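**Q** Dropping a structure here in structure tokens format, bear with me for questions.
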Amino acid sequence: MPTTSVADNKNKCLVCDAELVYYTEPRKMTCMLCGREFDSNVECTNGHFICDECHSRNAVDFTLAYCANTKSRNPIEIIQYLMNQPSVHMHGPEHHVMVGASLLAAYHNCGGDIDLDKALPEMKRRGCQVPGGACGFWGCCGAGVSAGMFVSIITKSTPLTAEPWGLSNLMTSRCLAAIGAEGGPQCCKRDSFIAIREAVAFVNEHFGIQMELPDKIRCTFSPLNSQCKGAACPFNYVRTSKLRM
């Protein structure tokens, strides 16, 4: 069974707003919304648990619809718009789809040769398989994995291809190295920005397509994140108002 997570915009329980408790070993838990049983490492202090599918359902559907229609060439602009939607939580597995979908949309709008109508559902299928908490429990942040999925999709990579297989793994490793260098604790916003920034540079280097990025990536979600690193974060609003990225 999949390991799952639950968090709202304040990184608290979606049911009762209580604090979350993380366990080093998974336990049997029943989702409060769909009633299915899962192995999970996290529940709130009142024993509530919500599975990844229920947690991210509305956010993922909105992500695909928006990315299919946006004309933006800037994946940071795209994902920041998505992050500001009510259905998107401060932390959550929806980011594992949002990163790759934002990159697919921007890549397509910059002239990338892909069938976006087919690529986005595939991004959803793959991204939804990465559970919440993979950053801490697997040692591979889902935002970085999502960027690798993006490259895998645009290159039509399979386990038997040569260069596409290599490029996909290089993309993921590059993102994870940059994300890991920043250190924890988790922040789905910070890690998504890092993954997209690395992917934009990677695509320019390997495919000759230049997606747009803002001069400065500024995060406005700090008040919603009880574990925010503040000025230690490269995207801290006050810090980026003074320093050029």
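**Q** Given (1) among the hydrophobic types (A, V, I, L, M, F, W, C); (2) in contact (Cβ under 8 Å) with a residue 24 or more places away in the chain; (3) under 30 Å from Asp17 (Cβ atoms), identify the lone condition not met by Leu104.
**A** For Leu104, the exception is condition (3).
**Q** How many of the residues making up the range 117-151 are polar (S, T, N, Q) and touching a Gly at 6+ places or on another chain (Cβ under 9 Å)?
**A** Final tally of qualifying residues: 1.
**Q** Looking only at the range 85-103, decide whether some residue is in contact with a Ser or Thr (Cβ under 8 Å, 6 or more places away or on another chain), among the hydroxyl-bearing types (Ser, Thr, Tyr) and open to solvent by 10 Å² or more (accessible area, probe 1.4 Å).
**A** no
**Q** While we're here: Quick test of your reading of the structure: Glu122 fulfils all but one of (1) assigned to a helix (DSSP H, G or I); (2) open to solvent by 30 Å² or more (accessible area, probe 1.4 Å); (3) touching an Asp or Glu at 6+ places or on another chain (Cβ under 9 Å). Name the failing condition by number.
**A** (3)
**Q** Kindly indicate the residue of the range 26-68 that is among the aliphatic types (A, V, I, L, M) and open to solvent by 70 Å² or more (accessible area, probe 1.4 Å) and also modelled with the lowest pLDDT among those meeting that condition.
**A** Our first condition is that a residue be among the aliphatic types (A, V, I, L, M); within the range 26-68, this holds for 29, 32-33, 42, 50, 59-60, 64-65, 68.
Add one more test, that the residue is open to solvent by 70 Å² or more (accessible area, probe 1.4 Å), and what stays is 32-33.
Numbers: Met32: 79, Leu33: 72.
Checked the range 26-68; the qualifying residue modelled with the lowest pLDDT is Leu33.
**Q** Separate question: Can you tell me which of (1) in a loop (DSSP other than H, G, I, E, B); (2) open to solvent by less than 50 Å² (accessible area, probe 1.4 Å); (3) in contact with a helix residue (DSSP H, G or I) (Cβ under 9 Å, 6 or more places away or on another chain); (4) within 24 Å of Ser226 (Cβ to Cβ) is the one Ile79 doesn't meet?
**A** So Ile79 meets the others, but not (1).
**Q** Looking at the range 180-205 only, could you name the residues that are over 12 Å from the mean Cα position of the chain (by Cα) and without any contact (Cβ under 8 Å) to a residue 60 or more places away in the chain?
**A** Gly180, Ala181, Glu182, Gly183, Gly184, Pro185, Glu198, Ala201, Phe202, Asn204, Glu205
**Q** Moving on to the next point. If you check Ala162 against the conditions, is it at pLDDT 95 or above, open to solvent by 40 Å² or more (accessible area, probe 1.4 Å) and either within 23 Å of Arg57 (Cβ to Cβ) or over 15 Å from the mean Cα position of the chain (by Cα) (or both)?
**A** yes
The values are calculated or read from the model by the stated rules, or taken from the named source; none is laboratory data. Note that the coordinates shown come from a computational prediction; the quantities given were computed from them, not determined experimentally. Counting neighbours? That spans all protein chains shown, and the Cβs are built from the backbone with ideal geometry, glycine included. When the accessible area is computed, the model is the full protein with side chains, heavy atoms only, and any ligands, DNA or RNA have been set aside. Shrake-Rupley method; radii C 1.70, N 1.55, O 1.52, S 1.80 Å.
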